[in-house]
Amino acid sequence: EIPGIVDDISAGGIKLITEYKLELGQLLDLDLGFINADFEAILGQVLRVQKITKDNDKRYEVGVEFLGLGNSERDDLMKWLFAKQRELRKKGLI
């Protein structure tokens, strides 16, 4: 397991912040249980890795593309994204 923080998510992929350097092309089994959908994991492939250094704290920003997402999974993800967006707008955060 590689812990990471979700920095951005869309129907096509996710941007993670992690302390671990991942390799371009690496396949990841992403745990998306937090979206409360009928699925908990999505296969993803690392497309971009950028080193971030802040106050001697080394981290990596990792862009991951979702692979093999079926229509049902994509619909569930989009529903969650739109609900989260509405929630953030109500709070005045976006």
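The values are calculated or read from the model by the stated rules, or taken from the named source; none is laboratory data. What you see is a predicted model; the values in this text were computed from it and never measured. Note that we place each Cβ from the backbone using ideal geometry, even for glycine, and neighbour counts take in every protein chain shown. The area values use the complete protein model at the heavy-atom level, side chains included, leaving out ligands, DNA and RNA. Shrake-Rupley method; radii C 1.70, N 1.55, O 1.52, S 1.80 Å.
Taking the numbered list (1) closer than 29 Å to residue 20 by Cα; (2) open to solvent by less than 70 Å² (accessible area, probe 1.4 Å) in turn, residue 48 passes all entries but (2). Of all residues in segment 6-19, those being open to solvent by 60 Å² or more (accessible area, probe 1.4 Å) and within 8 Å of the chain's Cα centre (by Cα) number 3.
The single condition from (1) closer than 21 Å to residue 82 by Cβ; (2) in contact with a Lys or Arg (Cβ under 9 Å, 6 or more places away or on another chain) that residue 30 fails is (2).
Sub-6 Å Cβ pairs linking a first residue in segment 51-75 that is open to solvent by less than 40 Å² (accessible area, probe 1.4 Å) to a second residue that is at pLDDT below 85 and not charged (D, E, K, R), at least 6 apart or interchain, number zero.
So that you can scan it fast, the table gives a plain yes or no per residue for (1) touching a helix residue (DSSP H, G or I) at 6+ places or on another chain (Cβ under 7 Å); (2) not aliphatic (A, V, I, L, M):
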position	(1), (2)
57	no, yes
60	no, yes
64	no, no
71	no, yes
75	no, yes
89	no, yes
94	yes, no
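Being among the β-branched types (Val, Ile, Thr) and either in contact with a Phe, Trp or Tyr (Cβ under 6 Å, 6 or more places away or on another chain) or farther than 15 Å from residue 10 by Cα (or both) is the filter here, so list the residues in segment 50-94 that pass it. If the condition is that a residue be among the β-branched types (Val, Ile, Thr) and either in contact with a Phe, Trp or Tyr (Cβ under 6 Å, 6 or more places away or on another chain) or farther than 15 Å from residue 10 by Cα (or both), then 52, 53, 94 are the ones that fit. In segment 20-43, the residue that is most open to solvent (accessible area, probe 1.4 Å) out of those that are of a type outside the set (A, V, I, L, M) and under 10 Å from residue 62 (Cα atoms) is 21. Of all residues in segment 21-75, those being closer than 16 Å to residue 6 by Cβ and among the charged types (D, E, K, R) number 7.
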